[in-house]
């Protein structure tokens, strides 16, 4: 029988730095997709076209106009990168600031798991009561290190959390994911989650680029 190449276990304090590093790296991987999403917005395309016309009027030549427009696009990429760094810091300052207190409290039905491969932390998942949906628990911090994906680990991590929820008589689990995480959507559907609603993330930047967040729900049937 083939031996599992990974081990899923509960979080230990010695995992702290690796968990935060994995979160930061995984979050940053979506930067390019969000930049492309930004460029797809009609108002952005209109502004870029207007700038190109303006540069053509000022310089009277295509080459310097295109170079200036390329500079504008580069600045836009830097802005997206800056916003992503702020998003990473927000997560690190919230539940990942004190993982044990957030997830491993003995008086709360919650837990944080990590996946190891040959002693190397390659994945995480967590479960805790949902703040915005009373009576439901939220699946959070689902992350698998690049190079270890598409091998069933994300599914195993989610199933570990769902089995924990079932053992503790949790009846409803929700999660939130974004429009740019299409591979994750397929996983959640295959696990039995259904999309409950979608909304634009409540921030000015998110509204400007139509950054949609999906809420998925999973109902646990009692035996």
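The values are calculated or read from the model by the stated rules, or taken from the named source; none is laboratory data. Fair warning: this is a prediction, and the values are worked out from it, not measured in the lab. FYI the Cβ positions are ideal-geometry reconstructions off the backbone, even for glycines, and counts take in every protein chain you see.
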*Out of the residues in the stretch 118-130 that are over 18 Å from residue 27 (Cα atoms) and in contact with a strand residue (DSSP E or B) (Cβ under 8 Å, 6 or more places away or on another chain), state the one that is surrounded by the most Cβ atoms within 10 Å (Cβ to Cβ).*
127
*Of the conditions (1) under 17 Å from residue 141 (Cα atoms); (2) at pLDDT below 95; (3) surrounded by 12 or more Cβ atoms within 10 Å (Cβ to Cβ), residue 80 clears all except one; give me its number.*
(1)
*Would it be correct to say that residue 139 is closer than 13 Å to residue 26 by Cβ and either modelled with pLDDT of 95 or more or loosely packed, with under 15 Cβ neighbours inside 10 Å (or both)?*
no
*Out of all the residues in the stretch 126-158, which are under 26 Å from residue 5 (Cα atoms) and touching a helix residue (DSSP H, G or I) at 6+ places or on another chain (Cβ under 7 Å)?*
126, 127, 139, 141, 142, 143, 144, 145, 154, 155, 158
*Scope the stretch 55-66; condition in a helix (DSSP H, G or I) and loosely packed, with under 12 Cβ neighbours inside 10 Å; matching residues*: 57, 58, 62, 63
*Got a number for residues in the stretch 190-213 being in contact with a strand residue (DSSP E or B) (Cβ under 8 Å, 6 or more places away or on another chain) and either farther than 24 Å from residue 79 by Cα or assigned to a helix (DSSP H, G or I) (or both)?*
10
*Determine whether the stretch 173-182 contains at least one residue that is exposed (fewer than 14 other Cβ atoms within 10 Å of the Cβ), under 18 Å from the mean Cα position of the chain (by Cα) and either closer than 24 Å to residue 90 by Cα or in contact (Cβ under 8 Å) with a residue 12 or more places away in the chain (or both).*
yes
